[in-house]
1. Of the residues that sit in the stretch 66-113 and are touching a strand residue (DSSP E or B) at 6+ places or on another chain (Cβ under 6 Å) and of a type in the set (D, E, K, R), which one is nearest to Leu182 (Cα to Cα)?
2. Return the pair list, or none, for Cβ contacts closer than 8 Å from residues in the stretch 41-62 that are closer than 17 Å to Asp152 by Cβ to residues that are part of a loop (DSSP other than H, G, I, E, B) and among the aromatic types (Phe, Trp, Tyr), at least 6 apart or on different chains.
3. Considering each of Tyr123, Tyr137 in turn, give the residue that is in contact with a helix residue (DSSP H, G or I) (Cβ under 7 Å, 6 or more places away or on another chain), closer than 23 Å to Lys16 by Cα, crowded, with 18+ Cβ neighbours inside 10 Å and at pLDDT below 85.
4. Mind listing whichever residues of the stretch 148-163 are modelled with pLDDT of 80 or more and more than 11 Å from Leu194 (Cβ to Cβ)?
5. Among the candidates Leu58, Leu96, which residue alone is closer than 23 Å to Phe43 by Cβ and surrounded by 16 or more Cβ atoms within 10 Å (Cβ to Cβ)?
6. Just to confirm my filter: which strands (runs of 3 or more DSSP E) fall fully inside the stretch 50-114 and include at least 1 residues that are of a type in the set (S, T, N, Q)?
7. In this structure, does Ala79 turn out to be modelled with pLDDT under 95 and more than 16 Å from the chain's Cα centre (by Cα)?
8. What about Arg86, is it surrounded by 13 or more Cβ atoms within 10 Å (Cβ to Cβ) and under 18 Å from His147 (Cα atoms)?
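The values are calculated or read from the model by the stated rules, or taken from the named source; none is laboratory data. Being a predicted model, the structure only gives us computed values, none of them experimental. Backbone-built Cβ (ideal geometry, glycine too); neighbour counts: all protein chains shown.
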Amino acid sequence: MMCPYSELPKGDWAEKTRELVSAHPLSRKEIVEVVLQAWDAIFESRIGPHRFRIGTHLFPKPQIMAFLLHELVPLEFAARYPKKWRGERAAGDKDLVYIPDPRFSVEIKASSHKTQIFGNRSYAQKPSGSKKSKSGYYLAINFEKFHKRRGDRPKIVRIRFGWLDHTDWIGQAAQTGQQAHLDPATEGSKLIDLLE
């Protein structure tokens, strides 16, 4: 996939991001609605014969909460638009696949960090032919961790949408490092805040 920012100076990236987000088949409003609905569903669900509830009986670590969002958001879009959207099925698929035109497919990243999202180290490497492209549309979700002592239900604190390229990801320098992150300036100009 061609990088839509390749010929642009960094000062023009934010405007290009607005164009890309406007061209996407999902509206900003619906993206927010689905993310918040998926978050609510996590807390409304009952598990097992004793009907245990997340946030009442179970307090999953952030990785589990991120996994649940990662799975529920595509399921909700697929339920709403079964002929247009589906979840990942093959190694080359994005997390949320737009069936009519894969260019609009979306990677989903969720994190309990207040502002940043992260990928694994492979995001900073050029993808091989059999793996999914790390360039394209991204949905970034930031949420609060559980605080058992307070008893408050954690909230979604940030929802962003935009376009990232594999070259935007910075891998950890150590050979054993498994994480990739984004430069704050890149993150700020290539992802648009949707949550008001």
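1. Within the stretch 66-113, the match that is nearest to Leu182 (Cα to Cα) is Lys109.
2. Listed by first residue and then by second, the contacts come to Gly55/Phe146; Phe59/Phe146; Pro60/Phe146.
3. Working: Tyr137 fails: at pLDDT below 85.
Result: Tyr123 is the single residue among Tyr123, Tyr137 that is in contact with a helix residue (DSSP H, G or I) (Cβ under 7 Å, 6 or more places away or on another chain), closer than 23 Å to Lys16 by Cα, crowded, with 18+ Cβ neighbours inside 10 Å and at pLDDT below 85.
4. Residues of the stretch 148-163 that are modelled with pLDDT of 80 or more, as a first pass: 152-163.
Residues satisfying the conditions are Asp152, Arg153, Pro154, Lys155, Val157, Trp163.
5. Values: Leu58 fails: surrounded by 16 or more Cβ atoms within 10 Å (Cβ to Cβ).
The match here is Leu96.
6. On the way: elements: 85-87, 96-98, 106-111.
Answer list for the stretch 50-114: 106-111.
7. Working: modelled with pLDDT under 95: no; more than 16 Å from the chain's Cα centre (by Cα): yes.
So Ala79 does not fit the description; no.
8. On the way: surrounded by 13 or more Cβ atoms within 10 Å (Cβ to Cβ): yes; under 18 Å from His147 (Cα atoms): no.
Criteria not met by Arg86.
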